[in-house]
Amino acid sequence: MKLVTIYGSPTPPGKLARALGLLEAGVRDRRPGWEVERVAPDTSLGPVAAAWRQDAVTKVGEADAVVIASPVFRGSITGTLKLLIDMLPVEALRSKPVAILTVAAAPHHYLSAERHLRDVLSWFGALTAPNSAFFVDRAFAADEVAADVLDELHELGEAAVVLAERLAGLSFGPAPLTVRYGAKASG
């Protein structure tokens, strides 16, 4: 089975990338039957104009489970991550387990990006993991990451994987509103 992680930051890898890497390593170590692949924006145009390669859409669509990692930027997700989400067809996330990982500069941002992602993921009909992981960026500033932080990252990866294993092949309805009303409008 395959876990695709999405690095939703337009900036060079930093603390969010480190957190995501630790989650990925945990899945690889604990779930040897799982392939783990990261998709990240192409930042060759600079951090403001970051874009996604078309294969990012394909990789997300082919995944059995997804972890979306986003910094909290101005109280929400980054525009770069939103660009990828806007490229995805409903089928890419429908009935698919998706876990949310966010990192912010201050603790009072703990629900801001998650709330926006949960709303968008419900539009797709994704199976969002019941709990997300949020960290203040200083958790990844030292050479050693605290054991409780590592545990939480591993638990989040495990949640996505277990949901995918136990719900493989199942589809959950009713269809997302976009599918139901989109079909009526064109029919």
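Every number in this text was worked out from the coordinates using simple rules, so none of it is lab data. Small disclaimer: the values here were computed from a predicted structure and weren't measured. Quick reminder, even Gly has a Cβ in these numbers, built from the backbone with ideal geometry, and neighbours come from all protein chains shown.
Worth a mention:
- Label zone at E62 (point 7 Å along Cα-to-Cβ), backbone N below 18 Å, the range 1-15: 1-7
- Applying Stokes-Einstein at 37 °C and 0.692 mPa s to the Kirkwood radius of the chain, computed over alpha-carbon pairs, gives a translational diffusion coefficient of 196 µm² s⁻¹.
- Here's the picture: a label point sits 7 Å out from the Cα of A106 along the beta-carbon direction, and within the range 135-162 the residues with their amide nitrogen under 20 Å of it are 135-141.
- Under 25 Å between alpha carbons - lysine pairs in the range 2-186 that sit 8 or more apart or on different chains: 10
- Per-peptide packing, taken as the mean over residues of other Cβ atoms within 10 Å, places 74-83, 156-165 in the sequence 156-165, 74-83 from highest down.
- Neighbourhood charge, 13 Å Cβ-Cβ cut-off, centred on R18 and excluding it, Lys, Arg +1 and Asp, Glu -1: -1
- For the chain: relative contact order, % (alpha-carbon pairs under 8 angstrom, 6 or more apart): 24
- Net length gained if the chain between E165 and D119 were fully extended (0.36 nm per residue, minus Cα distance): 14.1 nm
- Zone of E91's modelled label, taken as backbone nitrogen in the range 109-143 under 17 Å from a point 7 Å along Cα→Cβ: 124-126
- Here the simple spin-label model places points 7 Å from the Cα toward Cβ, and for F172 and R18 these points are separated by 3.4 nm.
- Within the chain, helix-based [θ] at 222 nm, where runs of 4 or more DSSP H residues each add -39,500 (n - 2.57), nearest 500: -13000 deg cm²/dmol
- Cα-Cα pairs of the range 1-104 separated by more than 23 Å (percent): 22
- Panel values: the range 58-163, Kirkwood radius from alpha carbon pairs, Stokes-Einstein at 20 °C and 1.002 mPa s, translational diffusion coefficient 151 µm²/s.
- Beta bridges by DSSP in the chain, antiparallel share as percent, to the nearest 5: 10
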